[in-house]
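Here is the structure we will look at.
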Amino acid sequence: MLKFYHAPWSRASGVLWLLEELGQPYEIEIVDIRAEGGVPESYRSIQPNKKVPAISHDGTIVTERAAITIYLGDTFPEADLAPAVGDPARAAYLTWLVYCDSVFDPALSARAHGLEYRSNDYSFGLFEDMVANVERHLERNEFAAGDRFSAADTQLASAIAFTMNVIKVLPERPAFQAYLSRIVGREAYKRAQAKDFEMAKLFPALFARASG
Ligand SMILES: N[C@@H](CCC(=O)N[C@@H](CS)C(=O)NCC(=O)O)C(=O)O
């Protein structure tokens, strides 16, 4: 059994999309990460920092988006979303998957919150370097792992879509727009978006904030 701990319109939404791509049955448990008194303490036994996403697969818990993505891609090879060990595309696949959480997300958050620092102060380096790196990669490659869609794109495209189109911290670049346009037509992406929309309605304050 595959259980997914999720909060709509959050950093877990890319994993929701991946689950739709996989086509395996899964069950969703919504975690109220925006609750008045904070995330229930009982959830710490699943995710030690009380963050989403997390998954439980046949009783085994996996946390951290990058790890969950690698785990799911490798566990369900029939979906063909993870270049196998030995496939040269696996290098870019792993690099970009991990880059999303180790560089893209923290550099973006630092910029969003006005943090001033030198590149060697933090492992994620400068925002400008991150933007240039992602742009260069997407000018030369159709997808994160090269010329075909992979599980890494569920993380990279989610991050680009949210930070460029919603919070508008990532600058708009033709390479980012073109990349997203290669992806938004995917049926699994559309299903995940629709499911997240329905789940967001369960939280009227979140829904009102986002639609107003
Ligand atoms: N390092 C975690 C970060 C996930 C994360 O930041 N999740 C946010 C959702 S946007 C969260 O659960 N926040 C709730 C909280 O911090 O209380 C991962 O990559 O899985």
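The values are calculated or read from the model by the stated rules, or taken from the named source; none is laboratory data. Note that the coordinates shown come from a computational prediction; the quantities given were computed from them, not determined experimentally. All Cβ positions, even for glycine, are placed from backbone atoms using ideal geometry, and neighbour counts span all protein chains on display. For the accessible areas, the whole protein counts, side chains as well, though only heavy atoms, and no ligand, DNA or RNA atoms are used. Shrake-Rupley method; radii C 1.70, N 1.55, O 1.52, S 1.80 Å.
Cut-off 19 Å, label point 7 angstrom out along Cα-to-Cβ of residue 116: give me the residues of the stretch 169-212 whose amide nitrogen falls inside. Under 19 Å, as judged by backbone N against the label point of residue 116, lies no residue of the stretch 169-212. Relative contact order for the stretch 89-181: 33 percent, from Cα pairs under 8 Å spaced at least 6 residues apart, divided by residue count.
Taking label points 7 Å from Cα along the Cα-to-Cβ direction, residue 80 and residue 123 give a separation of 3.5 nm. Across every direction, the projection of the convex hull enclosing the Cα atoms of the stretch 89-181 has a mean area of 5.5 nm². The stretch 59-75 to the stretch 180-210: how many Å between their Cα centroids? Here the answer is 22 Å between Cα centres.
Just to confirm, what accessible area per residue do you get for the chain at 1.4 Å probe, in whole Å²?
Accessible area per residue, the chain: 51 Å².
Take every Cα pair under 8 Å whose residues are at least 6 apart in sequence, average their separation, divide by the length of the chain, and the relative contact order is 22 percent. Between the stretch 10-45 and the stretch 85-127, the alpha-carbon centres lie 23 Å apart.
Between residue 24 and residue 44, the FRET efficiency estimated from the beta carbon spacing at R0 = 41 angstrom works out to 0.95.
Looking at the chain, send over the antiparallel percent of its DSSP beta bridges, to the nearest 5.
So the antiparallel bridges in the chain amount to around 70 percent.
The count of lysine pairs in the chain with alpha-carbon distances below 24 Å, taking only pairs 8 or more places apart or on different chains, stands at 14. In the elastic network of the chain, a GNM with C-alpha springs shorter than 10 Å, the most mobile of 142, 36, 187 is 36. Determine which residues of the stretch 28-72 fall in the zone a paramagnetic label at residue 90 would reach in this model, i.e. backbone nitrogen under 19 Å from the point 7 Å along Cα→Cβ. 66-72, by backbone N distance to the label point.
Would you mind checking the stretch 149-187 for residues with the amide N under 13 Å from a putative spin-label position 7 Å along Cα→C-beta of residue 2? Within reach of a label on residue 2, which here means backbone N under 13 Å from a point 7 Å along Cα→Cβ, the stretch 149-187 contributes 151. Given a Förster distance of 25 Å, report the FRET efficiency between residue 168 and residue 35 from their Cβ-Cβ distance, rounded to the nearest 0.05. For R0 = 25 Å, the calculated efficiency reads 0.40. Highest average first, the peptides 146-153, 83-90 ordered by how many other beta carbon atoms sit within 10 Å of their residues are 146-153, 83-90.
Computing the accessible area with a 1.4 Å probe over protein heavy atoms, can you report the carbon and sulfur percentage for the stretch 89-181? That share works out to 52 percent. Roughly what % of Cα-Cα distances in the chain sit above 27 Å, to the whole percent? Roughly 31 percent, rounded to a whole number.
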